Amino acid sequence: MKNTVNKITAVIMLIYISAVMFFIFFGKSSGVPIYGDKTDKEKAFSLSGIMNGKFGKYISERISTDFPARNHMISVDSGIRSAFTENIVNGVYVDEKMLLNAEISDRGTTSENAAIINRFCSEYDGTVYFTAVPTSSGVYDSYFPEYLRKNTESMQINSLYSELDENIRDIDAYNILKMLNENYIYYRNDTKWTSYGAYCVYRTVIQKLGFSPTAYDKYTIDHVADDFRGNLYERTFYSDVKPDIIDIYRYPDGAEILSCTGCDNDLKSFSGELYDKSLLESGDMYDMYLGEKRPLVKLRTTVNNERKLLVIKDSFADCFIPFLTQHYSEIDVIAPEYMEGSVEKYVDPANYEQILFLFGIDSMDDENLFDVLVTPLEERKSE
């Protein structure tokens with residue numbers, strides 16, 4: 001009898017484990033795995049992927065992100081911590097009003113990236129502007145306990161600006177946003193700013209670039225989604241914070257977009273959209289701004305001034321760039337994180353009279369982010 005029970009138990013456990021493994025490896029991912037792209041997954045399952053460790057990394061990531069009931073367990077944990085403890089779950093500070101990244105103090109210095117930017121700009125004859133944007137944690141750091149405020153984003157931004165060459169014109173975003181922090185300038189469930197937050201900084205940036213900003217009352221605002229749950233929610237699954245709104249700002253009487261073209265790393269062109277509403281059904285609604293991520297996006301407008309702007313950016317700029325389209329006939333946008341090879345593969349910086357860097361200060365922690373900007377310069381010097 002005992003042997004029969006043991007066999008039945010063993011069979012049940014085998015069925016359970018098999019079902020768990022099946023859903024992990026073949027089911028839809030519930031998190032954001034390292035190898036979420038189909039091509040990368042195929043590489044992980046190839047012979048070379050097994051040999052170089054990508055297969056093991058893929059398996060580990062899928063198990064950690066897609067274990068059955070993982071989301072529910074994290075949600076329960078977030079609720080308990082919010083009610084009884086310090087309110088930090090997976091590096092996120094949990095509050096009933098909003099979620100905030102609590103890992104600011106763990107970031108490195110900005111020196112290496114500043115040095116690379118300086119070397120890039122030393123080869124450029126036009127005017128360079130740099131806007132470092134705080135995340136929600138930088139503007140609402142008063143929510144944090146004292147020990148989490150030792151290395152603030154304000155300090156990080158000031159450090160970066162002090163390390164940039166004097167010919168690079170830094171533009172203050174932090175104090176603008178801090179002053180307006182009672183408004184809906186940041187998402188409650190994500191580190192990034194809202195379109196309104198971007199607009200508030202745009203008014204200052206565009207004046208520095210030599211234009212008058214478009215008045216707020218000229219825009220019509222479309223609320224295209226009211227259930228956005230961003231990157232901080234994905235780390236906590238804390239549902240007591242109200243979902244966010246995704247907005248589109250339109251200027252009916254202003255310049256129009258003639259074309260929006262994305263280019264991949266083979267320089268193959270794809271027709272794109274300034275706002276791709278189909279991506280509101282994707283894993284990240286914020287991807288709607290500028291559409292599918294590409295290393296290069298080219299915008300052509302009906303503005304008749306032959307002014308050309310190069311924007312070097314991270315995702316913070318995606319909802320900011322639409323405001324710039326009222327002032328330039330051509331705007332080219334490059335994203336270093338998606339580029340393979342040197343910047344000169346995609347654009348020639350000498351063709352632009354102005355270059356605008358716009359990055360979230362959290363991106364400055366990536367020491368290799370700007371390598372693509374200077375590699376060709378170093379190669380020329382070694383020749």
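Taken together, the values in this text are just the output of simple stated rules run on the coordinates, not laboratory data. Remember, it's a predicted structure, so these values are computed and weren't measured experimentally. FYI the Cβ positions are ideal-geometry reconstructions off the backbone, even for glycines, and counts take in every protein chain you see.
Relative contact order, percent, of the stretch 88-382 when contacts are C-alpha pairs under 8 Å separated by at least 6 residues?
RCO, the stretch 88-382: 21 percent.
Simple spin-label model, 7 Å along Cα-to-Cβ: residue 105 to residue 122 in nm?
It is 3.7 nm.
What does the charge add up to near residue 215, with Lys and Arg as +1, Asp and Glu as -1, over the other residues with Cβ less than 12 Å from its Cβ?
0
Taking square-rooted eigenvalues a ≥ b ≥ c of the alpha carbon gyration tensor, is the stretch 88-382 rounded, prolate or oblate, where a/c under 1.5 means rounded and, failing that, a/b exceeding b/c means prolate?
Judged from the Cα gyration tensor, the stretch 88-382 comes out oblate (a/c at least 1.5, b/c at or above a/b).
Grab the Cα-Cα distance for residue 302 and residue 266, subtract it from 0.36 nm times how many residues apart they are, and report the gain in nm with one decimal.
Residue separation times 0.36 nm, minus the Cα-Cα distance, leaves 10.1 nm.
In whole angstrom, note down how far apart the Cα centers of the stretch 221-299 and the stretch 117-147 are.
22 Å
Which whole-number percent of Cα pairs in the stretch 85-206 have a distance greater than 18 Å?
57 percent
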